[in-house]
């Protein structure tokens, strides 16, 4: 299993969710976040460079079976991209285990 953690533009959420749903991915967590990547936009104000932009983005988190990692990544890339700077990032992390609290199922059965 892998945890996929991605940052996308808010207006792309419905398009990404629809694409993920078509793959059978329905479990995810969505949070509103602010931040910037490794190329922040800075403005000079009174001879000082000050970071002024921390745009609102959405963070999608989901745990998927190893076989679903590449299809999920492709769906996110295809549907979250605008071609403009600050489209976001995708992070893939190993997930050792998952446990459904209600039934105590473990592993992929819990996801």
**Study point:** Using alpha-carbon coordinates, inclination of helix 69-80 to the longest axis of the chain, degrees
**Key:** 40
Practice item. For each of 33, 63, 111, count neighbouring Cβ atoms within 10 Å of the residue's Cβ, then give the residues from fewest to most. Key: 33, 111, 63
Review point. Taking only DSSP H segments of four or more residues, each worth -39500 (n - 2.57), what value at 222 nm results for the chain once the sum is divided by all its residues, to the nearest 500 deg cm²/dmol?
Key: -6000 deg cm²/dmol
Exercise for review: For each of 105, 70, count neighbouring Cβ atoms within 10 Å of the residue's Cβ, then give the residues from fewest to most.
Suggested key: 70, 105
Review point. Taking the Cβ-Cβ separation of residue 78 and residue 21 as r and a Förster radius of 22 Å, what is the calculated FRET efficiency to the nearest 0.05?
Key: 0.95
**Study point:** Tilt relative to the chain, helix 13-22 - C-alpha long axis, 0 to 90 degrees, to 10
**Key:** 20
Revision key, fill the gap. Computed over the range 2-110, the relative contact order (Cα-Cα under 8 Å, seq sep at least six) in percent reads 41
**Study point:** 68, 1 arranged by Cβ crowding within 10 Å, fewest neighbours leading
**Key:** 1, 68
Study note, to complete from the structure: Per the rule of 0.36 nm per residue minus the C-alpha distance, extending residue 33 to residue 14 adds in nm 5.1 nm
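No lab work stands behind these numbers, since they all come straight from the coordinates. If you're wondering where the values come from, they're calculated on a predicted model, not measured in any experiment. Methodologically, a virtual Cβ is constructed for each residue, glycine included, from the backbone with ideal geometry; neighbour enumeration extends over all protein chains shown.
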